[in-house]
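Working notes, structure below.
Read the figures in this text as sums done on the coordinates, not as results from a lab. Since the model is a prediction, treat every value here as computed from it, not as a measurement. For neighbour counting, all protein chains shown are included, and Cβ atoms are generated from backbone atoms with ideal geometry for every residue, glycine included.
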Amino acid sequence: MELRAETLTEEELATITGYLIPSKQIQWLAKNQWEFVLTGARRPVVGKVYARLKLAGVRPSAVNAVTETWSLDLANVS
């Protein structure tokens, strides 16, 4: 799994926060109660699934961030 496919790009993060400077992005994320991690270069990293949930107004949690498993039940099909 490629990490870039799972995290926001620098451009996406700048669009959401309105800032290009990482320290300002960190301030915005913290102020708006977004979960993030920092790289060794002190750049914020935000997951795409998390960002989609936040932008949709859903409070991300372990329950709603994981795809529910299901199985096809054809017992009632004739």
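Below, the figures for the structure above:
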read-out	value
Segment 31-43, residues that are out of contact with any Lys or Arg (no Cβ under 8 Å at 6 or more places or on another chain) and closer than 16 Å to Pro60 by Cβ	Asn32, Gln33, Glu35, Phe36, Val37
Matching residues in segment 1-55 - criterion: being surrounded by 11 or more Cβ atoms within 10 Å (Cβ to Cβ) and part of a strand (DSSP E or B)	Thr7, Leu38, Pro44, Val45, Gly47
